[in-house]
Amino acid sequence: MIKNIYAWLDERLGFDDMYKMLLDRPEPHGNWWNTLGSASLFLFIMQGVTGIFLTVYYTPSPDHAYDSIQYIMNGVAFGWLIRGMHHWGASLMVLVVFIHMLRTFFSASYKYPRELTWIAGSVLFLLTLGMGFTGYLLPFNQRAYWATVVATNIGGVVPGAGPFILRALRGGSDVSALTLSRFFSAHIWGLPLILAAVIGLHLYLIMRHGESAYPDADD
Amino acid sequence: MASSHRISRRDFVKVVTATLSGIMGAAMGIPIISYLIDPALKVQSSEAWIPLGSLEGFPVGSPKAFSFTRSNINGWEKTVNSYGGFILVKSGGDILALSNRCTHLSCSVNWDEGREEYVCPCHDAQFDIEGEVNAGPPPHALDQFETKVEEGNLFVHFPAVKAHEG
C-alpha cells in the first residue's frame, strides 16, 4: 500500500532522481572539514525555526522589547531553551561559516570553475554578520543599545555619504524606536530572504560542479 | 531477509534509526509544543477579598461609595483597572455591597441623594437603593459583591456577581 503510494508520487515528482542528484553524488575523498557547509546550513535552518518561535512572544518596541524577552526567559515554558538556542546558535553560525570559508581558502576550492560559489559564499558570510548585527539590538538592553550606537557610528565615518548612511541605518539621527523596528524587520524578513536566495545559488553551484578534491602533489 | 530469530544488519540499523529519530523528535517536539501553548495552560485567578476599612466608617441607611483598583498581568503587560461600588449598611445590620457598573453598558452609576436612586449618567437608567431596575434600558439589577466582616473591618469579594433574582 505505502509502496504503491510512493511509486505513484515518485513517478510524478521524481524523488529517486532528486535523491540521486542531491544526495547520492560522487564525492572526492574528504574529511570532517568538508562538513562545515552542511553545518552552516543546519545552523541557518535552526536559527530560522527558533527565530520564528521567538517572534510568538517578542515585541519590537522600546517599551516592551526587554520585558517581552524577560517573559520569554522566565515566564514561558522552555522559553529559555528556545532563546538560548537562538542566542548561542547565532555565535556558532558566525564561527562555523567563517571556518568554512577558511577551509575553502586553504584547500584552494575557490579556483576555477568555482569562483561564483566562492563569491556567493563571501556574500553569505557578510549576510550572516548582518544577521548578527541586527539581532544584537533586539534585546534592547544597555549592551545592545550602546553596541548599536557604536556600530552605526562606524557607518557614519564613510567619507561623503557617512552622515546619510548613519541616518539610514538608524532611521533618524538617534538609535530609537525606529532603529529597533527597522533592525527587527531586516532581521526577520529582508536579510533571511536574501540569505535563503543566495544559499540556493550556492547549493546549486555546488551540485553543478561537485565538490573539489584536495590538491595533491600533481596540482 | 532476516530469519525469525536473527536480525539482519540492515534491519538493526533501521530500528536504531527509527528509535533515535523518535527520541530526538520528542526531545524537540515537547519543548516546542509546551512553548507555544504555555499561556493557554495558565489560568490566573483574579479573585480576592478587598479590605474597605472599619465597618464603623459606613453610615447606616445611606449608601457610601467605595473604590479600588486591581492589576492584571498578561505576559509582560500589566493593566490596572478601577472598580467601585456602594456599601449600604441596613438598620438591621445587613450589608449590601453593590457594584457601580451599570448593567446596560458599564457606565458608573451615582447615588442621587434627593431622588433616593442610583442614576446612570449615560442613558438615565435608574436603580433603587437595593440595586433593582426602576427605569431605563438595563437588563437586570446591579451586580453585588459578597461581603464579610473580620475584626470590625469590612471586606468585599472581587469580582462582583450577578444579583440573585427576586
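The values are calculated or read from the model by the stated rules, or taken from the named source; none is laboratory data. If you're wondering where the values come from, they're calculated on a predicted model, not measured in any experiment. For neighbour counting, all protein chains shown are included, and Cβ atoms are generated from backbone atoms with ideal geometry for every residue, glycine included.
Summary of values
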quantity	calculated
Residue among B:Ser54, B:Ser4, B:Ser62, B:Ser21 that alone is modelled with pLDDT of 95 or more and not hydrophobic (A, V, I, L, M, F, W, C)	B:Ser21
Given (1) in contact (Cβ under 8 Å) with a residue 60 or more places away in the chain; (2) closer than 30 Å to A:Pro26 by Cβ, index of the condition A:Asp218 fails	(1)
Some residue of segment A:100-116 being within 14 Å of chain B (Cβ to nearest Cβ), within 20 Å of A:Trp33 (Cα to Cα) and in contact (Cβ under 8 Å) with a residue 40 or more places away in the chain	no
Sole exception among (1) under 20 Å from the mean Cα position of the chain (by Cα); (2) modelled with pLDDT under 95 for A:Gly210, by number	(1)
Residue in segment A:121-138 that is at pLDDT 95 or above and under 16 Å from A:Gly210 (Cα atoms) present	yes
Any hit, segment B:62-71, residues being exposed (fewer than 13 other Cβ atoms within 10 Å of the Cβ), out of contact with any Leu (no Cβ under 8 Å at 6 or more places or on another chain) and within 14 Å of chain A (Cβ to nearest Cβ)	no
Any hit, segment A:127-140, residues being under 21 Å from A:Trp88 (Cα atoms) and surrounded by fewer than 16 Cβ atoms within 10 Å (Cβ to Cβ)	yes
Which numbered condition A:Asp63 misses (of (1) closer than 25 Å to A:Gln142 by Cβ; (2) modelled with pLDDT of 95 or more; (3) surrounded by fewer than 20 Cβ atoms within 10 Å (Cβ to Cβ))	(2)
Filtered residue count, segment B:75-124, keeping only those that are more than 14 Å from chain A (Cβ to nearest Cβ), closer than 30 Å to A:Asp67 by Cα and at pLDDT below 90	0
Evaluation of A:Ile2 against (1) modelled with pLDDT of 95 or more; (2) among the β-branched types (Val, Ile, Thr); (3) over 24 Å from A:Val123 (Cβ atoms) (one fails), failing number	(1)
Breaking point among (1) crowded, with 18+ Cβ neighbours inside 10 Å; (2) in contact with a Gly (Cβ under 8 Å, 6 or more places away or on another chain); (3) over 28 Å from B:Asn153 (Cβ atoms), for B:Val133	(2)
The listed residue being assigned to a helix (DSSP H, G or I), more than 36 Å from the chain's Cα centre (by Cα) and not assigned by TED's automatic domain parsing to the domain that holds B:Glu150, out of B:Ser21, B:Ser34	B:Ser21
Looking only at segment A:73-85, and only at residues there that are crowded, with 19+ Cβ neighbours inside 10 Å and either touching a residue at least 60 places away in the same chain (Cβ under 8 Å) or more than 9 Å from chain B (Cβ to nearest Cβ) (or both), the one that is farthest from A:Tyr57 (Cα to Cα)	A:Met85
Complete set of residues in segment A:197-219 that are among the hydrophobic types (A, V, I, L, M, F, W, C), under 22 Å from A:Leu22 (Cα atoms) and surrounded by fewer than 14 Cβ atoms within 10 Å (Cβ to Cβ)	A:Ala197, A:Met207, A:Ala213
Some residue of segment A:49-68 being away from chain B (no Cβ under 14 Å) and under 14 Å from the mean Cα position of the chain (by Cα)	no
Test for B:Gly152: is it in contact with a strand residue (DSSP E or B) (Cβ under 8 Å, 6 or more places away or on another chain), closer than 29 Å to B:Ser45 by Cβ and among the small types (Gly, Ala, Ser)	yes
Residue count for segment B:37-61, restricted to those that are surrounded by 10 or more Cβ atoms within 10 Å (Cβ to Cβ), assigned to a loop (DSSP other than H, G, I, E, B) and within 14 Å of chain A (Cβ to nearest Cβ)	1
Within segment B:3-36, tally of residues that are at the interface with chain A (Cβ under 9 Å from one of its Cβ atoms) and hydroxyl-bearing (Ser, Thr, Tyr)	2
